[in-house]
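Please treat every number below as a calculation from the coordinates, not as lab data. Just so it is clear, the structure is predicted and the values come from calculations on it, not from any experiment. Reconstructed Cβ throughout: ideal geometry from the backbone, glycine too, with neighbour counts over all protein chains shown.
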Amino acid sequence: MSLGSNGLVYLDNASTSYPKPDTVIKAVATCMLEKGANPGRGSHRMANDAGRLIAEARGLLAGLINAESPSDIIFTYNCTEAINLALKGLLGAGDHVITTSIEHNAVARPLKVLERSGVIVDKVYVDAQGKVNINDFEALIKPNTRLITIIGASNVNGAILPLKEVGEIAKRYGVLLMVDAAQLIGHYGIDVHGFGIDILAFPGHKGLLGPQGTGVLYIRPGLDLAEMVQGGTGSNSESLDQPSIRPDRYESGTPNTPGIAGLGSALKFLQEVTVEQASRKTQGLVRMLIDGLSSIDGITLYGPPKGVDRAPVVSFNIAGMASNEVGYILDHQFGIASRPGLHCAGDAHRSFGTLESGTVRLSPGFFNSPEDIEKTLEAISIIVREYVG
Ligand SMILES: Cc1ncc(COP(=O)(O)O)c(C=O)c1O
């Protein structure tokens, strides 16, 4: 039981995880009650304490992804901001970028804006099972290709893309690799060195179990990205130029100290549980969902075939019913929170052939139980019987 648990069967963890561990809620409250000063902005004790909370979370994040130095970890307010910072700080007119056909709008929309100012964008097609031909990346590389940016795992159907293989191609051609790890982080180990990742963007509030208002951008040492925002950093204040040192260059203005304190606490929680154990638990729930849904007539399941690893995301439709209708009934009649529709990823639904209908997405998280899944499968069987049969 968690402080935040409210009786709802919450299966929308791919959007943001809920509930958060008790220790996270307490860390946010303790920060606001006892360490509520502005970090790096004063030399008094409380400002220093707040600064230490942020430094600790930064260090834990560097350890989590095997970054060389905590100063390469930049705090943002969500994954979208991290992605925007990276794409807009890196790409200019004439640069070529390769991406996939299943990106979240957090990547697809900034790329569209950049395209209008002269960046050239090519998309590698990913099929309905999440399969991609790795040679397609290589075939698209040109002399002006600056970046390959790929989603780590689809937020629509959980398919995991072959990061290591794409990383090898990027390295071979001297092209940068960026990964949107929104649906991987906290579920699978990510080693930026091992995977050849130059830029990694992820949220603190999904699989890492931290508070909303937290996001992270890792930038490989030595890689020069322009900052999006200039302002007070608590450093080099005599100069009108933005400091060039990290993380100050990318973190102007007052940070979300309570959120980052909560994220630090969430990382300690996850360290104790281990990402492997957390993943084993959610993978078990995903298997239950897939097995159960496959045995109900009238259900179409999307995504990788049974037995293939996926992020904890399961998408389905009921024949003859709109996904929004199913989501509404699950919520209002059964107290089950799902996410119907297009999941901020029109491109992905276009690739998967579900743009018209959308899908109902169920995303189990660390605090779900097998009973939650049984209740959900029972509810879906009843909906099929009552509304379709
Ligand atoms: C694959 C993917 N990328 C990016 C995002 C955006 O994350 P945030 O809401 O933290 O900006 C999401 C959120 O659902 C996502 O699933």
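A few notes on this one:
- Helical segments meeting 27 Å axial Cα length and Kyte-Doolittle -1.0 threshold in the chain (DSSP H): 45-65, 275-294
- Taking label points 7 Å from Cα along the Cα-to-Cβ direction, Ser101 and Arg41 give a separation of 4.8 nm.
- Filtered chymotrypsin sites (Phe, Trp or Tyr not before Pro), the stretch 310-355: DSSP coil and at most 14 other beta carbons within 10 Å: none
- Straight-line reach from Lys112: taking Cα to Cα under 16 Å and skipping same-chain neighbours fewer than 8 places apart, the aspartates and glutamates in range are Glu81, Asp95, Glu103, Asp122, Asp347.
- Helical runs (DSSP H, four residues minimum) scored at -39500 (n - 2.57) apiece and divided by the length of the chain put the mean residue ellipticity at 222 nm at -12000 deg cm²/dmol.
- For the stretch 70-89, the residues whose amide N sits under 18 Å from a probe point set 7 Å from the Cα of Ser235 along the beta carbon direction are 70-76.
- In this simple spin-label model, placing a label point 7 Å from the Cα along the Cα-to-Cβ direction at both Glu115 and Gln283 gives a separation of 3.6 nm.
- Taking only the Cα atoms of the stretch 245-384, the radius of gyration and Dmax are 18.3, 59 Å.
- Debye intensity ratio in log₁₀ form over the Cα atoms of the chain, taken at each q of 0.06, 0.15 Å⁻¹: -0.24, -1.35
- Nearest-0.05 FRET efficiency for Asn6 and Glu325, computed from C-beta distance (R0 22 Å): 0.35
- Given their separation in residues at 0.36 nm each and the Cα-Cα distance between them, Leu33 and Glu386 gain 122.0 nm when the chain is fully extended.
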